[in-house]
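Undergrad: One structure is given below, represented as structure tokens, and several questions about it will come after.
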């Protein structure tokens, strides 16, 4: 039976895709069959006859099970803005129901672990009522939180953990991703988060300057969250 997790972040640009890809590589190394999904992505370019998003392509390459792009990213929006705004500019209406339906082909793939990457932070709206993160609630998915370790990360992380708890879903673990190489008191911030977040830390990623360091990043991650 496939174990499925929802990956969210404390904000945009905290390395959700990088961490998700590294987790997929770490799970691959354990001999597990993996799938990475990015059901909704804004900021796409036209290539190979379709609108495609760089993050979704990274997940396609990192997973052990190769899937057609349209299965990984069924809702591809052109403009690199909040999804509900990008959809509106294209004359589309997003909804939680549409998102769940679009995700089904990816969820039906034979895999040991499936990671579904969200967009931005926890409260990214789909419309006036629904949030992207409602997907974790309606599908009862445990959450993996990517914390961008930079100034303000403690507040952002604890607010997000509180929001996850309020949604009634479980936090399987969190990853400290050191996105600011010049941050003061980095270790002190991470230790504070370890003390205040009950869920396990799945790893601390040092600063990586390029996306092609995904395999190196995988070595810093723990995979016990799938047990």
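Undergrad: For the condition closer than 20 Å to residue 171 by Cα, part of a helix (DSSP H, G or I), at pLDDT 95 or above and touching a helix residue (DSSP H, G or I) at 6+ places or on another chain (Cβ under 7 Å), what is the one hit in 193, 202?
TA: From the options 193, 202, the qualifying one is 193.
Undergrad: I would also like to ask the following. Among the numbered criteria (1) touching a residue at least 40 places away in the same chain (Cβ under 8 Å); (2) buried (at least 23 other Cβ atoms within 10 Å of the Cβ); (3) within 15 Å of the chain's Cα centre (by Cα), which single criterion is violated by residue 126?
TA: (3)
Undergrad: Over 25 Å from residue 138 (Cβ atoms) and over 19 Å from the mean Cα position of the chain (by Cα) - does that describe any residue in region 74-81?
TA: Within region 74-81, one or more residues are over 25 Å from residue 138 (Cβ atoms) and over 19 Å from the mean Cα position of the chain (by Cα).
Conditions tested, residue by residue: (1) farther than 19 Å from residue 203 by Cα; (2) crowded, with 23+ Cβ neighbours inside 10 Å; (3) in contact with a strand residue (DSSP E or B) (Cβ under 6 Å, 6 or more places away or on another chain).
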residue: 19; (1), (2), (3): no, yes, yes
residue: 54; (1), (2), (3): yes, no, no
residue: 73; (1), (2), (3): yes, yes, yes
residue: 96; (1), (2), (3): yes, no, no
residue: 101; (1), (2), (3): yes, no, no
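Undergrad: Just one of (1) crowded, with 22+ Cβ neighbours inside 10 Å; (2) touching a helix residue (DSSP H, G or I) at 6+ places or on another chain (Cβ under 8 Å) trips up residue 69, so point out which.
TA: (1)
Undergrad: Also: So if I check each of 217, 157, 136, 119, which one is part of a loop (DSSP other than H, G, I, E, B), touching a residue at least 40 places away in the same chain (Cβ under 8 Å) and buried (at least 20 other Cβ atoms within 10 Å of the Cβ)?
TA: Within the list 217, 157, 136, 119, the selection yields 119.
The values are calculated or read from the model by the stated rules, or taken from the named source; none is laboratory data. Everything numeric here is computed off the predicted structure, so don't read it as measured data. Virtual Cβ from ideal backbone geometry, glycine too; neighbours counted across all protein chains shown.
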